[in-house]
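Chemist: Here you go, one structure.
The values are calculated or read from the model by the stated rules, or taken from the named source; none is laboratory data. These figures come from a predicted structure and were not determined experimentally. Here the Cβ is made from the backbone with ideal geometry for all residues, glycine too, and neighbour counts use every protein chain on show. Please note that ligands, DNA and RNA were not included when accessible areas were found on the heavy atoms of the full protein model with its side chains. Shrake-Rupley method; radii C 1.70, N 1.55, O 1.52, S 1.80 Å.
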Amino acid sequence: MLKTTWGTSKRKLTGIQTSMKIKLYDKQIHDYYKSSQPDKVAHIEQKLNFIVPDDLGYADAQAILGDFFLTKYLEDGGREAIDKSIVYYSNSVRTTVPGLDQVQRKHNLGTVHGRRFQKFGDLTDLTAALTIFQETVDATPLNDASLIGRQNALAVAYTDRFYRLGELDDLERAFSLYKTILDSTSPSDPSLLHRQKNMVQSYANRYKRLGNLDDLESVLKLRHTILDSTPAGDASLPDSQQGLAMAYTDRYKKLDDLKDLEMALNLLHSALDNTPAGGPHYAGKQQALGSIYGDRYQRLGNLQDLQTALDLFQKSFSSTPPDHPDLAMRQQNLAAAYADYYRRLGNTKDLDAALHLFRNAIDASPQEHSGLPGRQHNLAGLYVDRFRRFGQLNDLGSALILFQSAIDGTPIDHPEKPWIQHDLAVLYGDRYQRLGNLEDLEHSISLDQSSVVALSKSHPNIATIQHSLSVSYTDRFTRLGNLVDLEGALIWGQRAIDSTVPDHPELPRRQFNLAGSYSNRYRRLGNMEDLETALKFKKAALDGALPGHPELPKTQQSLAGSYEDRFDKLNNMEDFENALNLQLLALNGTPNEHPDFPVREENLAGIYKKRYKMKNNIEDLQAALSLLLDAANIIPFNHPHLCKSYRYLAQTYIDLYKHSESQDYLEQALDAGIKSIHSDFASPISIWHAAQSMAIWATELKHPISLQAYSAAFNIIPEMLWVGHSIDARHETLVQENVAQLSASAVQAAIYHDELHLAVEFFEQGLAITHQQLLQLKNNNLLLFEQFPDIGSKLKNLSWQLLNSKVTVSESTIPEMASLNVIADKRNNLIKEIRKLPGFSRFLLPPLFKDLAQAAQHGPIVILNCGAIQSDAIIIFPPSSSQAIKHILLSQITLAHAHAQLDKLRLALSSYRIGTRAGRLVNPFQKNDEIFASILAWLWAKIVQPVFEELREGGVDRGRIWWCPSGPFTYLPIHAAAPVNSQYIQSYTLTLQNLIQDQSKLNLGESRLESFSLTAVGVSNYPINSHTNLPLVKAELIKAEKFCTSSSSVTFTKYLDSDATVANVMQHIQSSQWLHIACHGQQNHSEPLRSGLLLYDGDLELKQIIDMNLSSSRGEPKFVFLSACQTAMGNEKLANEAMHLAGGFIAAGFRGAIGTLWNMADADGPKVAESVYQKVFGRSEGNSSNTPDITLAAEGLQEAIRKLRTEKVPYHHWIPYIHFGI
């Protein structure tokens, strides 16, 4: 036993005595601590504390105690020891005279704070260490040998804080310090190797933070230097090998060169071999080697690499003590391996293990830890995986919270930020597919767009985000039907494949996705080349799929779908058998609890139904029913797909009913059909298809429930024809979904079931749909403003944003489209909320008959509906008539009959090459007039005469009437079939609501204007192609001017020839009440929105006209006289949409228009204009007693036509003139 002679006196000692005793005690403390004395720690502390603060040796004694307790902490790791060390060191610093001794003791104090932070993770210790180290560095002379050590300690502290908080400033400060130290180190300095290691680690940290390849190359260079300088057998050799291996791994991840990965594997195997098994560094080497095997698995898909990684991670984790600082990281790596196993083989036990480990890793991570966001990110991804497997929405909620925390905790310029954003985008995409909220889909696209912009095009993993964008654009195309989205899906899908190396395990998935886009385009446009391309990519995806991969059934199912498409097109039974076999494989390979299991049941059922229709084997139909019933029972009630399931089920029950005539099957079909059209969670296109399907089979059965199906179809049209899309995109959907045919069928079904009022409502909802959407956007909603001004303002703001976005433009950028979709979605949701307000339950819903009947207040409305087996006219009488509504069966007119008359009309017109307004006749055969005469005779006998007779029966024998035709009737000159002396003044209206709105703005009984502005535009001489000149345009404008200038109440403005520019006309449209345009006009049949008026310097196109909002302009536009060719011609595919120039001006805000169904003759322009203006001004030339009445324009046009007919001009001269509106 060591005998001590320590005194216990508290008397004050002299400086020499204290110094001698302290030196003696320093040695005795060391020797005594090494002894086995009980309570030796307390005894040491008691003996040395005899020195009081006033003694000169107090600071030295406190320093000795600080050293002693630091030594004790290093040996046993106890918290109490390091806490006391800090207390004694602090006392020592506080009582030491300023100078170099105090600086050294400060440095020691900072070191102990740093150690305590590294052990217990309290940031206050790290902050204290940084402050102290900075002070010691600042206080150390440049030539002091201690400076480098103190700079190094400060660099270490900055590095620790960077690891903890991820702040770039800390990394740059540490980097600068390490570089200063290394630059000042001579090649022969024994500390060179240690300083190179510090420098290379700082380069590596900066590379991982900023992704700069130059930093990585510096890492590799220094790592090679360090390894070359490390002797064989040196204890640091494994670390040097591991460091170089990690650098090669980083370069592999940057450049995707497999040679780097193999180099890293070789180095790490050597490092592990050179590390003593069971030693403190062995588990770390296992972790590093496991990570590289994991990387190789991700790249090559070899399951053995994943198993090796899992084994290494498991062994490393098992040997890690509970208090080890790397415990959370090792849990994370093991969890990631289990997650990869689940994603490869689909075993939910692996998913559960991964979730458990990731949760533990997060629980073990301090809130400020820089690695926490990455762990939150990974755990969020696992919750998404579990959602995809089991469909539980709470998993998505948990994932969303974790993703948001990960994003919030990751610096904006961190290289991992784009990947967290991408995975959050995937979550939003999954939630969209589950709940159908369009805003989720827009969030997904926006996040992936930000991510792809943040990455360089050469990034080896950029294909992951490109693939994700392709999927999202496909989802949006499926939802909204915009071909721009489908093209976006194809572009991003191709980019993803182009960015993927041929042997990458993700290539099949990306080929599969691109194939899906080609399939979608084939189904939309019918191009066989797209179908063959889809088959090629799907076969490649199936050939490249890894055996046992959980997504293999999805690939089989999709390939089956393409074989089925080709069978439908070419009727090759081999394609049918391939489709059937693949659907069976897909279903058999899908676990029952998988969310896609019911979808695969439905796909197989579809094949069985197809075989039933070919072979009439009832067993196929019953097998399909069994599969469909099981699918409908599995799918959650709030899943968007359930709508489709009920639709398939209803159709199958109808097939069984037709086969057996069992009423039970019919009742089941009705029940399933009703469920399909009343889904609260399905996409608009799904509901449309469900309603369309039900309407077809219910109409075929003459069942009154068809009216409910048609109502559901019309109710969903505003969401299917999404107001956030351009008009031409909506037109594409109208054509694709054959809305016009459904509308005609709906009218006939309502008539059949004696629901004339409903027939009128259906008819109105199928007319000029995009025009009506524009009217809704322009609606001031005064009643809403009066009662709920805040809500009214919000709705107006959203509507104006859509209006001002140039809604006709199809070339909008993808981000612009996304923004418009979000605005439209907000507006749609706001409208739904408004309908919950008292008195607003039908806000912006289609009007009822009692509202539509107001259109006839100044004259009857004649609705013409053309159907496949019959046509119908419905007359809505004015209030003064003896009856309100009358149906006329036009049984001798079918769709085919109407098209036959159109063909005759085209034949007659084709004989006249009236390519310009000049109207020169070529080969004016007499038989052409005979064709025109026969067409008019047919229209008179089949339509006009029966209508006129019913009008007279209803007490209407003269005055204004409005035709409201649909389908092919919109192209036939119905007005021209009336006798020349007819007392009816005929006009047309695009929709009933158009007429109601125009009449409400201008009371027909008080329609004369006290002041009036007329702008006349004419082009008689074109700067190019003089053969197109129109010499009589000047005379036509003179006619208009004479009537205007003789009246003091009329302001007349004229733009002729070089003044008739697009800019001038656009400007004056905003301020003119009456617009007269005399020039060439042209209907663009392939792109109707490009139809235009040919002005002096270019075309004023229909899309420009529609984009104008004139409803509130100061000029209050009233009427437009389009004295040009083809201004009321329209587009045959969009017959109900009034896609012509006259319709465009009415959509923009004009209340009436004169246009032409086809080309007009230049010589007729002045004659027609003179008759119209003479009637409008109510006088002959020179008589200025009356102000203009624009409601007389229709009568003026009729008189002009009567004069032309009296003059015996050819039919094609007088027939095309047509009047719209008031």
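Chemist: Tabulate in residue order the Karplus-calculated ³J(HN,Hα) for the stretch 1211-1222, using 6.51 cos²θ - 1.76 cosθ + 1.60 with θ = phi - 60°, rounded to whole Hz; enter x for Gly and Pro.
Modeler: 3, 5, 7, 9, 5, x, 5, 8, 10, 10, x, 6
Chemist: Now for a different question. Could you compute the FRET efficiency for L168 and D311, with r as their C-beta to C-beta distance and R0 at 35 Å, rounded to 0.05? Can you show the working numbers first?
Modeler: Working: r = 37 Å, r/R0 = 1.06.
With a Förster radius of 35 Å, E is 0.40.
Chemist: Note down the magnitude of the dipole of the stretch 633-730 about its Cα centre, charges +1 on Lys and Arg C-beta and -1 on Asp and Glu C-beta and zero elsewhere, to the nearest 20 debye. Intermediate values should be presented prior to the final figure.
Modeler: On the way: 6 positive and 9 negative charges, 34 e Å.
Computed charge dipole of the stretch 633-730: roughly 160 debye.
Chemist: Could you name the lysines whose alpha carbon sits less than 19 Å from that of K554, not counting residues in the same chain fewer than 8 places away?
Modeler: Cα-Cα hits under 19 Å: K536, K538, K539, K644.
Chemist: Given H placed 1.01 Å from N in the peptide plane, which residues other than close sequence neighbours of S1013 have an amide H under 5 Å from its amide H?
Modeler: T1051, Q1073, W1074
Chemist: What's the long-distance tail for the stretch 566-674, i.e. % of Cα pairs beyond 18 Å? Numbers along the way, then the final one.
Modeler: Values: 2994 of 5886 pairs.
So the pairs more than 18 Å apart make up 51 percent of the total in the stretch 566-674.
Chemist: Can you send over the solvent-accessible area of H443, 1.4 Å probe, protein chains only, in Å² to the nearest 10?
Modeler: 80
Chemist: Run the 1.4 Å probe and let me know the accessible area of R524, rounded to the nearest 10 Å².
Modeler: Estimated to the nearest 10 Å², R524 gives 30 Å².
Chemist: Taking GluC sites (Glu not before Pro) that fall in a DSSP loop and have at most 15 other Cβ atoms within 10 Å as cut points, what is the longest piece of the chain between them? Mind showing how you got there, number by number?
Modeler: Numbers: sites that count: E167, E368, E593, E661, E811, E1010, E1181, E1207.
Longest stretch, sites excluded: 369-592.
Chemist: Under a 1.4 Å probe, what is the accessible area of the chain per residue, stated in Å²?
Modeler: On the way: 50790 Å² over 1222 residues.
With all protein chains present, the chain gives 42 Å² per residue.
Chemist: Rounded to whole Å, give me the distance from the Cα center of the stretch 673-708 to that of the stretch 404-444.
Modeler: Going from one Cα centre to the other spans 35 Å.
Chemist: Just one of (1) 0.94; (2) 1.28; (3) 1.11 is Cα Rg over 2.2 N^0.38 Å calculated from these coordinates, so which is it?
Modeler: Structure-derived value, by its label: (2).
Chemist: With every protein chain kept in the model, how would you rank L1094, L272, L802 by accessible area, 1.4 Å probe, largest at the top? Working shown, then result.
Modeler: Working: L1094 45, L272 20, L802 0 Å².
From most exposed to least exposed: L1094, L272, L802.
Chemist: Something else: Putting +1 on Lys and Arg Cβ atoms and -1 on Asp and Glu Cβ atoms, find which of I635, A712, A1200 reaches farthest to the positive end of the dipole of the chain.
Modeler: Checking the options against the dipole of the chain, the answer is A1200.
Chemist: Positive end of the dipole of the stretch 922-1002, charges at C-beta (+1 Lys, Arg; -1 Asp, Glu), about the Cα centre: which of I996, A933, G959 has its Cα farthest in that direction?
Modeler: I996
Chemist: Leaving ligands, DNA and RNA out of it, rank I696, I876 by accessible area with a 1.4 Å probe, largest first.
Modeler: Working: I696 105, I876 0 Å².
Solvent-accessible surface, decreasing: I696, I876.
Chemist: Given the whole protein assembly as supplied and a 1.4 Å probe, what does the accessible area of T136 come to in Å², nearest 10?
Modeler: 0
Chemist: Sticking with this one: Which order do you get for M1066, M263 if you rank them by accessible area with a 1.4 Å probe, largest at the top? Could you put the intermediate results ahead of the total?
Modeler: Working: M1066 50, M263 85 Å².
Highest to lowest solvent-accessible surface, that is M263, M1066.
Chemist: Right, another one. Quick one: grab the alpha carbon gyration tensor of the stretch 1131-1212, order the square roots of its eigenvalues as a ≥ b ≥ c, and give me rounded if a/c is under 1.5, else prolate or oblate depending on whether a/b is larger than b/c.
Modeler: Values: a/c = 2.88, a/b = 1.33, b/c = 2.17.
It comes out oblate by the Cα gyration axes.
Chemist: Right, another one. Under 1.5 on a/c is rounded, so check that first for the stretch 253-411, then, if it is not, pick prolate when a/b is larger than b/c and oblate when it is not; a ≥ b ≥ c are the square roots of the alpha carbon gyration tensor eigenvalues. The partial results should precede the final answer.
Modeler: Numbers: a/c = 1.76, a/b = 1.41, b/c = 1.25.
Prolate is the answer for the stretch 253-411, as a/c is 1.5 or above and a/b outweighs b/c.
Chemist: Another question, if that's okay. Quick check: at a probe of 1.4 Å, how many percent of the accessible area of the chain sits on carbon and sulfur atoms? Could you put the intermediate results ahead of the total?
Modeler: Numbers: 25710 of 50790 Å².
Percent of accessible area from carbon and sulfur atoms in the chain: 51.
Chemist: Per residue of the stretch 941-958, what does 6.51 cos²θ - 1.76 cosθ + 1.60 with θ = phi - 60° give for ³J(HN,Hα)? Whole Hz please, x for Gly and Pro, Karplus curve as stated.
Modeler: Ordered by residue, 3J(HN,Hα) equals 6, 8, 10, 5, 4, x, 5, 4, 4, 5, 4, 5, 4, x, x, 10, 10, 6 Hz.
Chemist: At what distance in nm do the modelled label points of S1071 and H678 sit from each other, each positioned 7 Å from its Cα along Cα→Cβ?
Modeler: My value for the distance between the label points is 5.8 nm.
Chemist: Do you know the relative contact order of the chain, to the nearest whole percent, from alpha carbon pairs under 8 angstrom that are 6+ apart? Don't skip to the answer; put the middle values down first.
Modeler: Numbers: 1962 pairs, mean separation 57.5, N = 1222.
Answer for the chain is 5 percent.
Chemist: Still on this structure: Can you give the direction-averaged projected area of the convex hull of the alpha-carbon atoms in the stretch 1137-1178, in nm²? Numbers along the way, then the final one.
Modeler: Details: hull surface 14.9 nm².
Computed as one quarter of the Cα hull surface, the answer is 3.7 nm².
Chemist: Using 7 Å Cα-to-Cβ label points, what is the N347/E80 separation (nm, one decimal)?
Modeler: 4.8
Chemist: List the aspartates and glutamates whose alpha-carbon lies under 20 Å from that of K904, not counting same-chain residues fewer than 8 positions away?
Modeler: Once the sequence-local aspartates and glutamates are set aside, what remains near K904 is D929, E930, E1132.
Chemist: P(r) for the stretch 388-473: what percent of alpha-carbon pairs falls in each 10 Å bin, starting at zero?
Modeler: 18, 49, 29, 4
Chemist: Next question, about the same structure. Where does the chain land at 222 nm, in deg cm²/dmol rounded to the nearest 500, when only DSSP H runs of n ≥ 4 count, each adding -39500 (n - 2.57), divided by all residues? Could the numbers behind the result be given before it?
Modeler: Numbers: 51 runs with 763 residues, N = 1222.
After summing the helix terms and dividing by the residues of the chain, the value is -20500 deg cm²/dmol.
Chemist: Hey, got the Cα dimensions of the stretch 673-802 along the principal axes, in Å, largest first?
Modeler: 49, 29, 27
Chemist: Additional query: Using 30 Å as the Cα-Cα cut-off, could you pick out the over-long pairs in K253/K285; K417/K794; K72/K179; K1054/K1167; K208/K285? Present the calculation step by step, with values, prior to reporting the outcome.
Modeler: Numbers: K253/K285 20 Å; K417/K794 35 Å; K72/K179 34 Å; K1054/K1167 19 Å; K208/K285 20 Å.
The pairs that break the limit, which is 30 Å between Cα atoms, are K417/K794; K72/K179.
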